[in-house]
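See below for the structure under consideration.
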Amino acid sequence: MTVARPYSDTIWDEVETWSRDRIESFQLSALRRQLADVGKRSRHYARVFRETGFEPGDFRSLDDLSALPLTRKQDYVAGLAEEPPFGSLAAVDLKDAARVHFSSGTTARPAPVLWTKPDLDRWADVYARYLYAQGLRRGDVFQCMFNYAWFVGGLGATYGAERVGALVIPGSSGDTRRQIETIQQYGTKVVIGTPSFMAHLAETAEEMGFDLPSSTVEMVCVGGEPGASIPGTRERIERQWGAKMFDCYGALECQPIGWDTALQLGPQLAEDYIHTEILDPDTLKTVEDGQRGVLVLTHLDKQACPLVRWWTGDVVVRDRAGTPDGRTHARLVGGVLGRADDMLIIRGVNLFPTAVEDIVRAFPGTTNEYVLVIDDSVKDAKTGFLTGVKLRVERTDDAPADLEYALTARLREKLSVRFHVEVLPAGTLPRTVHKAKRVIQE
């Protein structure tokens, strides 16, 4: 059956308007099929099901998923070592796979993830759904600044934009001056890339004497790292570009699964593509909507590398109330609030780097760049516990003379943590064309 898309002037697919009962009924049926299939085709999950005594045929409710253990990154890495090069979580023969993408490899060896042709088709349609929700339309000029080499983002965004009917310029990341010149010459309406690269481009445009707010760009779509859901970052980049900024949430293993709509109320999940759980990071029990927890994902129809109860490590707040535009799928209020493994504990206070970014990006007199530094000077010599955090920022030409003192006071007031602020000249900290590293060890 051919499905008519777009469904309406603002909604790409009718599935976005399903009732909660229909969403959960669909998920239950899809999971029954998916778990039975995964148990046969994935050697990793066949072993997990056998060891836990889980029978896919006995799956009766969505709550039954909790009988299965979580799948974590270390499980994926161990599977690669057990059955190289694609790992024991892979669920297709190589002859049935169409593509492989890789992780960035910033903390470990780059990990491969396989895709079949149906996986890629599904992926393109989910991307089209999110770009349409943010305002992309047929005939718009769409400049993709995600990396195309190895990284998953560039091709996904390209195929999604093409499915909507946009004209795609595959700019990739880097070559900042040419990116700005291309916007000028070809009337780009929508740009997409990481928040760090969008901030870097804004600085480049200023150096070139080009007034970005007067350009044709109306939408700045970002993903790959926190940014658009951090108020300080969103406000700064929207001001620098003179355009609305939209978030997208995803990862190599589950990509993309949530996105801002035109209402900018937080990423709305594709609940016909993935099932979500929100768990307390300590007890691993389900938390109620409106409470913080770690996002756990299960694919409903992924073929090549399906994941069951994938621990993302991302701290979120879920709301399943629906939104005023008629969309009914759950959303992540405030986007990703931090990562469970990135959280710093300073004298008993939980601190996420994203909370620091919100304050720095909203503070007058600072550039877009900052970095948190952890070293022995901010640790108790006896216990090894952190007593404070070093923060390096850059000053703008018009920064107030008391920037260091004022920013230190604001951080202490808002976060109840002692910061050692170091103010550097503009251009001192490294710029990035991909994902920025905001916490470093020295």
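Since every read-out is calculated from the coordinates, none of them should be taken as a lab result. This structure is a prediction, so every number in the text was calculated from the model and none was measured. Quick reminder, even Gly has a Cβ in these numbers, built from the backbone with ideal geometry, and neighbours come from all protein chains shown.
Brief remarks follow.
- Shape call, segment 115-154: gyration tensor on alpha carbons, a/c limit 1.5: oblate
- Think of each Lys and Arg Cβ as +1 and each Asp and Glu Cβ as -1; about the Cα centre, that makes the dipole of segment 344-441 roughly 400 debye.
- Each pair of Cα atoms in segment 344-441 enters the Kirkwood radius, and Stokes-Einstein at 10 °C and 1.306 mPa s then converts it into a translational diffusion coefficient of 114 µm²/s.
- Among beta bridges from DSSP that stay inside segment 1-337, the antiparallel ones total about 60%.
- Take 330-342, 217-229, 395-407 and order them by the average number of nearby Cβ atoms within 10 Å per residue, most first; the result is 217-229, 330-342, 395-407.
- Test item: Cα-centred dipole of segment 1-337, Lys/Arg +1 and Asp/Glu -1 on Cβ, debye: 560
- Selection from Leu31, Trp12, Pro69, by position along the positive dipole direction of segment 5-84 (Cβ): Pro69
- Whole-Hz couplings from phi, Karplus 6.51/-1.76/1.60, listed for segment 126-136; x for Gly and Pro: 5, 4, 4, 4, 6, 5, 5, 4, 8, x, 5
- The relative contact order of the chain comes to 13 percent, based on Cα pairs under 8 Å that sit 6 or more residues apart.
- Based on DSSP H segments of at least four residues, each scored -39500 (n - 2.57), the chain has a per-residue ellipticity at 222 nm of -9500 deg cm²/dmol.
- Pairs from the list Lys40/Lys302; Lys40/Lys285; Lys390/Lys437 with a Cα-Cα gap above 21 Å: Lys40/Lys285.
- For segment 270-276, putting each phi into the Karplus relation 6.51 cos²θ - 1.76 cosθ + 1.60 with θ = phi - 60° gives couplings of 8, 7, 8, 10, 9, 9, 10 Hz, in residue order, rounded to whole numbers and with x for Gly and Pro.
- Amide H contacts of Val421: Leu391, each under 5 Å away and 5 or more positions distant or on a separate chain (H built 1.01 Å from N in the peptide plane; Pro and chain starts excluded).
- Degrees between helix 153-164 axis and first principal axis of the chain (Cα, 0 to 90, nearest 10): 70
- Seen against the Cα atoms of the chain and their longest principal axis, helix 43-52 is set at about 70 degrees.
- Charge dipole (debye, nearest 20) of segment 216-299; +1 at Cβ of Lys and Arg, -1 at Cβ of Asp and Glu: 360
- Gain on full stretching of the segment that runs from Leu424 to Glu218 - 0.36 nm per residue minus C-alpha separation: 70.9 nm
- Note: relative contact order over segment 164-291, using C-alpha pairs below 8 Å and six or more positions apart, is 16 percent.
- Measuring max minus min along each principal axis, the C-alpha atoms of segment 1-337 give extents of 65, 45, 43 Å (largest first).
- The length gained by stretching the chain between Glu51 and Arg339 to full extension, at 0.36 nm per residue less their Cα-Cα distance, is 100.7 nm.
- Tilt relative to the chain, helix 353-362 - C-alpha long axis, 0 to 90 degrees, to 10: 40
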